[in-house]
1. State whether one or more residues within the stretch B:10-24 are of a type in the set (Ser, Thr, Tyr) and in a helix (DSSP H, G or I).
2. Answer yes or no: is there a residue in the stretch A:36-52 that is at pLDDT 95 or above, β-branched (Val, Ile, Thr) and within 22 Å of B:Ser75 (Cα to Cα).
3. Picking from A:Thr53, A:Thr43, which residue would you name as being facing chain B (nearest Cβ under 7 Å), open to solvent by less than 40 Å² (accessible area, probe 1.4 Å) and hydroxyl-bearing (Ser, Thr, Tyr)?
4. Does A:Gly175 qualify as being assigned to a loop (DSSP other than H, G, I, E, B) and open to solvent by 40 Å² or more (accessible area, probe 1.4 Å)?
5. Within the bounds of the stretch B:55-64, is there any residue that is crowded, with 17+ Cβ neighbours inside 10 Å and touching a residue at least 40 places away in the same chain (Cβ under 8 Å)?
6. Within the stretch B:1-41, restricting attention to residues that are more than 7 Å from chain A (Cβ to nearest Cβ) and of a type in the set (Val, Ile, Thr), which residue is farthest from B:His67 (Cα to Cα)?
7. Of all residues in the stretch A:41-85, count the ones that are of a type outside the set (A, V, I, L, M, F, W, C) and part of a loop (DSSP other than H, G, I, E, B).
8. Output the residues belonging to the stretch A:12-45 that are more than 19 Å from B:Ala55 (Cβ to Cβ) and of a type outside the set (Gly, Ala, Ser).
Amino acid sequence: MSDLDVHLSAIAAGDADAFGRWLAAAEPQVRASLFRFAAVVDTEAVLQESLLTAWQVAPRIAPDGRPNGLLRFCLRAARNRAISEVRKQGRQEPTAEVDAPVEANAPDPLLRRAIAFCIERLRGKPAQVLRARLDDPGAEADGSLALRLGMTRNTFAQNLARARRQLTGCLSRQGVRLEPNP
Amino acid sequence: MTPEERETLIEEATTAWRPERLDGSLGPHPSFADLDDAGRREAYARTRSLRAMEAALDPDGLSTTAHAVLDRIRSASTRT
């Protein structure tokens with residue numbers, strides 16, 4: 001990975017678009033770092049809070065001569081937040097495990113084309129629920145999206161599972177794998 | 001819990017939506033609490049795949065998680 005601190009001065013100045021460019025590369029790394037906590041804490045909530053903290057703290061990140069200072073800060077913030085959640089639950093901190101990075105076995109333009117190809121082939125309710133999710137970046141729970149589509153929560157979830165399975169199968173036939181290694 | 005109910009909980013936990021706590025921070029998804037450890041790991045794995053797909057589709061390479069964070073930043077003064 002290149003040095004994401006190329007965006008740091010703009011982020012520190014309050015440029016949310018620059019933070020978006022940083023996020024595009026940083027988010028998968030921070031999510032992957034939370035792998036060992038996945039059975040104990042809700043890593044999505046921890047991740048979003050840690051990314052927000054990175055935005056808030058960016059103006060105070062001083063260069064230390066090493067690359068990716070903001071990312072390193074965010075990784076520490078995510079780990080500390082996860083450990084804090086583990087302790088609140090009175091559970092033991094999970095031991096370090098070998099991480100399982102998400103690997104997309106195709107260059108990005110090819111990956112994008114393959115996913116678009118496979119999504120176009122989705123039909124009916126699986127296509128509807130996936131579109132609803134993609135169009136709603138975390139603003140509403142699935143229950144609300146289901147209501148809008150005239151579905152029950154269970155039907156929404158079942159159609160989402162169908163969409164994911166069909167997509168995974170289609171992508172696999174295109175030579176693309178998005179599942180993390182076990 | 002039936003296998004269908006478990007599947008529903010896992011799928012629901014893969015959304016980027018999270019409930020807001022009283023202090024304004026995000027709390028765990030309600031479905032997460034009802035899952036066993038294996039179900040939580042499965043939700044994590046599915047979420048990673050979904051986010052990779054979302055980012056690949058997005059013109060700016062952003063997943064729904066990234067969009068959710070940016071929406072919070074843009075809708076409020078979040079710098080301390």
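The values are calculated or read from the model by the stated rules, or taken from the named source; none is laboratory data. Predicted model, so just to flag it, every value in this text is computed and none were measured. With ideal geometry, Cβ positions are generated from the backbone for all residues, glycine too; neighbour counts draw on all protein chains shown. Note: accessible area is taken over every heavy atom of the protein model, side chains too, but ligands, DNA and RNA are not part of it. Shrake-Rupley method; radii C 1.70, N 1.55, O 1.52, S 1.80 Å.
1. Within the stretch B:10-24, the first condition is being of a type in the set (Ser, Thr, Tyr), and the residues that meet it are B:14-15.
Then keep just the ones that are in a helix (DSSP H, G or I); that gives none.
Scanning the stretch B:10-24 turns up no residue that is of a type in the set (Ser, Thr, Tyr) and in a helix (DSSP H, G or I).
2. Yes: one or more hits.
3. On the way: A:Thr53 fails: facing chain B (nearest Cβ under 7 Å).
From the options A:Thr53, A:Thr43, the qualifying one is A:Thr43.
4. On the way: assigned to a loop (DSSP other than H, G, I, E, B): yes; open to solvent by 40 Å² or more (accessible area, probe 1.4 Å): yes.
Considered against the rule, which asks whether it is assigned to a loop (DSSP other than H, G, I, E, B) and open to solvent by 40 Å² or more (accessible area, probe 1.4 Å), A:Gly175 comes out as yes.
5. Restricting attention to the stretch B:55-64, the residues satisfying the condition of being crowded, with 17+ Cβ neighbours inside 10 Å are B:55-56, B:58, B:61-64.
Remaining after also requiring touching a residue at least 40 places away in the same chain (Cβ under 8 Å): B:63-64.
Yes, because at least one residue in the stretch B:55-64 is crowded, with 17+ Cβ neighbours inside 10 Å and touching a residue at least 40 places away in the same chain (Cβ under 8 Å).
6. Result: B:Thr2.
7. First pass over the stretch A:41-85, keeping only residues of a type outside the set (A, V, I, L, M, F, W, C): A:42-44, A:48-50, A:53, A:56, A:59-60, A:63-69, A:72, A:76, A:79-81, A:84-85.
If we keep only those that are part of a loop (DSSP other than H, G, I, E, B) too, we end up with A:42, A:63-68.
Qualifying residue count, the stretch A:41-85: 7.
8. A:Asp15, A:Arg36, A:Phe37, A:Val40, A:Val41, A:Asp42 - these are the residues of the stretch A:12-45 that are more than 19 Å from B:Ala55 (Cβ to Cβ) and of a type outside the set (Gly, Ala, Ser).
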